[in-house]
Amino acid sequence: MTGLTNKKLQNKVKMITKYLDTTFPNVGCELNFSNNLELVIAVLLSAQCKDEYVNRATVSLFEKYKTIDDYADAKVEDVEKLIKSLGLYKAKSKNIVGMANMLREIYHYEIPRTREELMKLPGVGRKTANVVLAVGFNVPAIAVDTHVERVAKMLGLVEKNDNPLQVEKRLMELFPMESWSKIHHQLIHLGRYKLPARGERSIDPELEELLI
């Protein structure tokens, strides 16, 4: 595993945790939402799309549609018009309406509280389900998006060829359960603001030492 002995890896995890807690002590979800229905929709919309773009689109979306019934009864083409600026907007619009119908007809207007049930909703994959669990229900979970996967590999916490599920499971092994949700947000912020995939990087000396 990453070529480090267990002791060295444990020390590195401690150093990474210290750096993250110092640099991003109080981080959270950057998507705008006011309830768990809006959270599920916002995270669904964030697939292959920046949070800032999602936040712009959901202003009008959340203003027009308030309840599960509103979304379930909506026409897909009307939803499309409000989120047309986002990638995959046609599929996402269809998923939102389909998801609302499932919430009404199968889940009796309740957002599911387990990963397995959440993933039965249209457009909700493991990453989205984990975000909803962690942010919406305060259930320890690590959601692996492109930032988390890329940064975890740069830090040598996982293997270069690990898939998102392998990254998730390895991070859960390395970090204590009570910090999973925080670590998820911290690694996202690290990827966005310190180690962007594109553009210039201004790397702190302490961070430089942690990179492999």
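Remark: the chain carries 53 Å² of accessible area per residue (probe radius 1.4 Å; ligands, DNA and RNA excluded).
Can you tell me, using C-alpha contacts under 8 Å and at least 6 residues apart, the relative contact order of the chain as a whole percent?
After rounding, I find 21 percent.
A Förster radius of 35 Å combined with the Cβ-Cβ distance from ARG201 to LYS66 puts the calculated FRET efficiency at roughly 0.25. Exceedance of the 21 Å cut-off in Cα-Cα distance is limited, within the set LYS14/LYS50; LYS12/LYS50; LYS75/LYS127; LYS127/LYS160; LYS8/LYS153; LYS66/LYS92, to LYS14/LYS50; LYS12/LYS50; LYS75/LYS127. If only the Cβ of Lys and Arg carry +1 and only the Cβ of Asp and Glu carry -1, the dipole of the chain around its Cα centre is close to 500 debye. Spin-label pair PHE137-ASP21: with each label point 7 Å from Cα along the Cα-Cβ axis, the two points sit 2.8 nm from one another. Here the 3J(HN,Hα) profile of region 122-134, calculated from phi with Karplus coefficients 6.51, -1.76 and 1.60 at θ = phi - 60°, is x, x, 9, x, 4, 4, 4, 4, 5, 5, 4, 4, 6 Hz, Gly and Pro shown as x. Rounded to 0.05, the FRET efficiency of the SER34 and ARG56 pair, given R0 = 22 Å and the Cβ-Cβ distance, is 0.85. Computed on the Cα trace of region 28-150, the radius of gyration divided by the Kirkwood hydrodynamic radius gives Rg/Rh = 0.93. Its alpha carbons considered, the chain gives a radius of gyration followed by a Dmax of 18.4, 57 Å. Taking 0.36 nm per residue of separation and subtracting the current Cα-Cα distance, fully stretching the chain between GLU208 and LYS14 would add 68.3 nm. Estimated at 0.36 nm per residue, the fully extended path between GLU178 and ALA91 surpasses their Cα-Cα distance by 27.8 nm.
The values are calculated or read from the model by the stated rules, or taken from the named source; none is laboratory data. Bear in mind the structure is a predicted one, so any value in this text is a computation, not a measurement. All Cβ positions, glycine included, derive from the backbone under ideal geometry; neighbour counts span all protein chains shown. Keep in mind that these areas ignore ligands, DNA and RNA; they rest on the heavy atoms of the full protein, side chains included. Shrake-Rupley method; radii C 1.70, N 1.55, O 1.52, S 1.80 Å.
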